[in-house]
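**Q** Sharing a structure below in structure tokens format, with a few things to ask.
The values are calculated or read from the model by the stated rules, or taken from the named source; none is laboratory data. Owing to the predicted nature of the structure, the values given are computational and were not obtained by experimental measurement. A quick note on method: Cβ atoms are made from the backbone with ideal geometry, for glycine too, and the neighbour counts reach across all protein chains shown. To get the accessible areas, we keep the full protein, side chains included, count just its heavy atoms, and leave off ligands, DNA and RNA. Shrake-Rupley method; radii C 1.70, N 1.55, O 1.52, S 1.80 Å.
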Amino acid sequence: TVFLASLPLALFGGTTLSGFAWAMLFGIGIGTVSSIMIAAPILLLLGEHRLRRDVSAPPAAAAAAQ
């Protein structure tokens, strides 16, 4: 939503406002890409077993495993 609000400011804003809006758009783009590039390897590093409970194990065994 910030990207969508900054885009008209960058295109139709005055000289001062336009420069700031382009810097904001650049930062939003870089931040989004870096978050995706950081979050994906962390998700792979943790593995799927950390994100889900084991459904095949009985509740007592699952509690003892933690």
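**Q** Give me a count of the residues in the stretch 12-25 that are outside any loop (DSSP other than H, G, I, E, B) and surrounded by 11 or more Cβ atoms within 10 Å (Cβ to Cβ).
**A** Step one: of the stretch 12-25, the residues outside any loop (DSSP other than H, G, I, E, B) are 12, 15-25.
The next check asks that each one be surrounded by 11 or more Cβ atoms within 10 Å (Cβ to Cβ); those that pass are 17-25.
Going through the stretch 12-25 one residue at a time, the tally reaches 9.
**Q** Restricting attention to the stretch 49-56, does a residue exist that is open to solvent by less than 60 Å² (accessible area, probe 1.4 Å) and either at pLDDT 60 or above or part of a helix (DSSP H, G or I) (or both)? Don't jump to the end; show me each part of the working.
**A** Going residue by residue through the stretch 49-56, those that are open to solvent by less than 60 Å² (accessible area, probe 1.4 Å) are none.
No, the stretch 49-56 contains no residue that is open to solvent by less than 60 Å² (accessible area, probe 1.4 Å) and either at pLDDT 60 or above or part of a helix (DSSP H, G or I) (or both).
**Q** Can you name the condition, by its number, that residue 26 falls short on among (1) over 14 Å from the mean Cα position of the chain (by Cα); (2) modelled with pLDDT under 95?
**A** (2) is the only condition that residue 26 fails.
**Q** Among the candidates 21, 39, 60, which residue alone is modelled with pLDDT under 80 and hydrophobic (A, V, I, L, M, F, W, C)?
**A** On the way: 21 fails: modelled with pLDDT under 80; 39 fails: modelled with pLDDT under 80.
Result: 60 is the single residue among 21, 39, 60 that is modelled with pLDDT under 80 and hydrophobic (A, V, I, L, M, F, W, C).
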